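The block underneath contains the structure these notes are about, expressed in structure tokens.
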Amino acid sequence: MSYELIVSQGRIADRTPGAIPGAALTAAALGEQTGLRPTVIGTPSPARKDDWSASLPEAKETLAGLQAAIAATLRRGNRPLVVANTCSASLATLPVVARERPDAMLLWIDAHGDFNTPETTESGYLGGMVLAAACGLWESGLGSGLNPAQVVVVGARDIDPAEADQLQRAGVRTLSPAEATPEAILSLIGDAPVWIHVDWDVLEPNHVPAAYAISDGLYPQALRTIFAAIPRQQIAGVELAEFEASPDAIKNATAIECLLDIVEPLLGRR
């Protein structure tokens, strides 16, 4: 199977200005590393702080485009390599994965559980409700179908009390950064296909900048080691989200170099 590179450039609940440029920089670097030409979905627009009920319909066209691109890639027998501005893009990707690869395990590698619903969210942020929608806890309009028993949240350390209760009741397994060892992850995924989602806030801050960074995260080498342990033939697809680019080109280049080194075991070099 070959990778196909897909990059989201439409606003999907972005509250910070660096996520769309960050996705573009990441896709360009991955394209250079792999020789893949990106398929661009959506048109950039300014970030703003709004409620999920406003940002979700606004993102409808971009999300529909992502769903179509992911479905086409999987049906060609290839692996999607998705670069997203926000985790909210996974409202589109995960229902397609659940439909096309129902046997796949999901590694949701994120400092947050993203398992809130319209009833439990304190922030109103769409990105904090993504995994719950894919597992059918609320209706996003983009589908669901993801089996919570096939989900492992890796690196979580900032989970709301109501969200934690929902994760437990749904049967989603969670690993703290200290528990996120290659051995633990391999024991959970077995020989199943694996869809890998990475929100860069899973890392200890200041390695790959992310808008919602929080301390006590994974270090880059630890995450790279996890990826190196997963058999390449089991990888069904990869999505990378939430690199927050800055106006400083040198800082961006340093972050991209770190990012590329982390994911290199998943992709290989050209």
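The values are calculated or read from the model by the stated rules, or taken from the named source; none is laboratory data. All of these numbers come straight from a predicted model, not from anything done at the bench. A quick note on method: Cβ atoms are made from the backbone with ideal geometry, for glycine too, and the neighbour counts reach across all protein chains shown. Areas reflect the complete protein model, heavy atoms only, side chains present, ligands, DNA and RNA absent. Shrake-Rupley method; radii C 1.70, N 1.55, O 1.52, S 1.80 Å.
Results, tabulated for the structure shown:
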{"item": "Residue 144 being open to solvent by 40 Å² or more (accessible area, probe 1.4 Å), touching a Cys at 6+ places or on another chain (Cβ under 7 Å) and not hydrophobic (A, V, I, L, M, F, W, C)", "result": "yes"}
{"item": "Residue 62 being within 20 Å of residue 127 (Cβ to Cβ) and surrounded by fewer than 18 Cβ atoms within 10 Å (Cβ to Cβ)", "result": "no"}
{"item": "Filtered residue count, segment 46-65, keeping only those that are farther than 18 Å from residue 87 by Cβ and not in a helix (DSSP H, G or I)", "result": "1"}
{"item": "Conditions (1) under 22 Å from residue 84 (Cβ atoms); (2) open to solvent by 10 Å² or more (accessible area, probe 1.4 Å); (3) out of contact with any Asp or Glu (no Cβ under 9 Å at 6 or more places or on another chain): number failed by residue 188", "result": "(1)"}
{"item": "Condition met for residue 211 (assigned to a loop (DSSP other than H, G, I, E, B) and surrounded by 15 or more Cβ atoms within 10 Å (Cβ to Cβ))", "result": "yes"}
{"item": "Near pairs, Cβ below 8 angstrom, 6+ apart or cross-chain, from segment 159-184 (open to solvent by less than 40 Å² (accessible area, probe 1.4 Å)) to any residue that is of a type in the set (Phe, Trp, Tyr)", "result": "163/115; 166/115; 167/115; 170/115; 172/115"}
{"item": "Listing of helices (runs of 4 or more DSSP H) fully contained in segment 117-202 that carry 1 or more residues being of a type in the set (Gly, Ala, Ser) and over 22 Å from residue 104 (Cα atoms)", "result": "161-170"}
{"item": "Members of segment 68-87 that are assigned to a helix (DSSP H, G or I) and crowded, with 18+ Cβ neighbours inside 10 Å", "result": "69, 70, 71, 73, 74, 87"}
{"item": "Residue among 107, 36, 5 that is outside any helix (DSSP H, G or I) and either among the β-branched types (Val, Ile, Thr) or open to solvent by 20 Å² or more (accessible area, probe 1.4 Å) (or both)", "result": "36"}
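This table checks each residue for (1) farther than 18 Å from residue 180 by Cβ; (2) touching a residue at least 40 places away in the same chain (Cβ under 8 Å); (3) crowded, with 18+ Cβ neighbours inside 10 Å.
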residue: 221; (1), (2), (3): no, no, no
residue: 234; (1), (2), (3): no, yes, no
residue: 237; (1), (2), (3): yes, yes, yes
residue: 246; (1), (2), (3): yes, yes, no
residue: 249; (1), (2), (3): yes, no, no
residue: 255; (1), (2), (3): yes, yes, yes
residue: 266; (1), (2), (3): no, yes, yes
